[in-house]
């Protein structure tokens, strides 16, 4: 009898090889709470403490029984998963539930319309599209107003009640004696250049908003962004630690249309600010950038600048939202009210793949519903699970939020204790609630070739993760754009025993790094 043949590795074979080299090529077969299980070579299940938490998705842990029961019930009832272009009352129910939480946490009553998607990155791109539709409409209104100004000035010159001022002629580079049509031609030439500009999206240095064609341009890490720069609208990254940086960026991006206006019988030139900024995208806690919490002062500066210049603020709550930091919207903890909010990850409770874009009523363009759609969004299964997730978070007067603060505080104390014991290894502990990061000092200059080479290659966090998985049965990964920082995002049910296990594992790891014993971190 012939031996069975192995299928060739066709599903991201390069990534499989990288995982194998780091000792991370484990196939998990079961998940429950904060635990994942894989089978040893002899078939025995091995438990692993999972602190990755689906990159912030698993606020209730793997396969929460209430959510699993609901999913089974929905499937048993054969709820339609594909009933596009029909009425979805359950989507409206979820939108209403999200509005109730938003209104309570921010103390407002303005409704936010919901547009559903399948992932955080898709939600971000949906926000980009809506913001651009809004901007294009405003550009059209502005252009029409300038054309009306031109017509009014033309009429005044024609009937002799106005002449073009010397100042206007000098600015446009036209001489005395040139007729008004030449003046209009120069105005039109300037305005055409401005009108041809694409939008500029603002975000912060260290940001991460996804890896799709548009969202990747809002992601600060050039390794993800640069190869695809030509594909989509461009972004500018505002420093987070330079006072006045935002004002400087806005001043550099400011452009205006020219409009002729009649004042005291003289045609002068007025500037009409052009909406060059599409939106400002902000993470209240930068997840992939190293778990950095946005300061209330910078949040206030962003909000004030947006209000003054007229562009929307898009708050990316994909990883930080859904109760992880002790509030449903982490932005409410720093006083940042967004014009848009993007939710995902935890909204599906670890069961469904779903996302929601919320847009305040005063900014919402209903025509967007006719030009945007998503095949799998707004289905009955994901919406009902999303409703249940909100109910679970809001139950008992928000007990889940208090638990996130309490469990996060216990975990933070453990990480702080490790940092205090190994100050030459641990550079910082950051975060809020159950969204924490522990940063190691830069190892690119280590005396250990293993540590040095992996640090320079941006793989040091994954090397560390492989050691913790093999030797300590703990699953943890670095943040995507800050390889020296490990993310720690367990569920609300994280136990004291699990926290203490992680503390012991970190101490063992820090001892190895402190001795520059890189070989001890390699797979056998």
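Remarks
- Any helices (runs of 4 or more DSSP H) falling wholly within region 424-524 and containing at least 2 residues that are touching a helix residue (DSSP H, G or I) at 6+ places or on another chain (Cβ under 7 Å) and under 22 Å from residue 409 (Cα atoms): 496-514
- When we screen 117, 153, 168 for residues that are surrounded by 13 or more Cβ atoms within 10 Å (Cβ to Cβ), under 30 Å from residue 323 (Cβ atoms), touching a residue at least 12 places away in the same chain (Cβ under 8 Å) and touching a strand residue (DSSP E or B) at 6+ places or on another chain (Cβ under 7 Å), the only hit is 117.
- Residue within region 6-29 that is surrounded by 10 or more Cβ atoms within 10 Å (Cβ to Cβ), within 28 Å of the chain's Cα centre (by Cα), on the phi < 0 side of the Ramachandran plot and assigned to a strand (DSSP E or B) present: yes
- Being surrounded by fewer than 24 Cβ atoms within 10 Å (Cβ to Cβ), touching a residue at least 24 places away in the same chain (Cβ under 8 Å), within 18 Å of the chain's Cα centre (by Cα) and over 21 Å from residue 111 (Cβ atoms) is a property that residue 290 has.
- The set of residues in region 328-353 being touching a strand residue (DSSP E or B) at 6+ places or on another chain (Cβ under 9 Å), surrounded by fewer than 24 Cβ atoms within 10 Å (Cβ to Cβ) and either without any contact (Cβ under 8 Å) to a residue 12 or more places away in the chain or in a loop (DSSP other than H, G, I, E, B) (or both) consists of 336, 337, 350.
- Residues located in region 67-111, provided they are in contact with a strand residue (DSSP E or B) (Cβ under 6 Å, 6 or more places away or on another chain) and assigned to a loop (DSSP other than H, G, I, E, B): 110
- Conditions (1) over 17 Å from the mean Cα position of the chain (by Cα); (2) within 20 Å of residue 132 (Cα to Cα); (3) surrounded by 13 or more Cβ atoms within 10 Å (Cβ to Cβ); number of the one not met by residue 235: (1)
- Test: residue in region 482-499 that is farther than 30 Å from residue 295 by Cβ, crowded, with 16+ Cβ neighbours inside 10 Å, touching a strand residue (DSSP E or B) at 6+ places or on another chain (Cβ under 9 Å) and modelled with pLDDT of 95 or more: yes
- Residues located in region 33-50, provided they are farther than 21 Å from residue 522 by Cα and under 27 Å from the mean Cα position of the chain (by Cα): 33, 34, 35, 36
The values are calculated or read from the model by the stated rules, or taken from the named source; none is laboratory data. Small disclaimer: the values here were computed from a predicted structure and weren't measured. All Cβ positions, glycine included, derive from the backbone under ideal geometry; neighbour counts span all protein chains shown.
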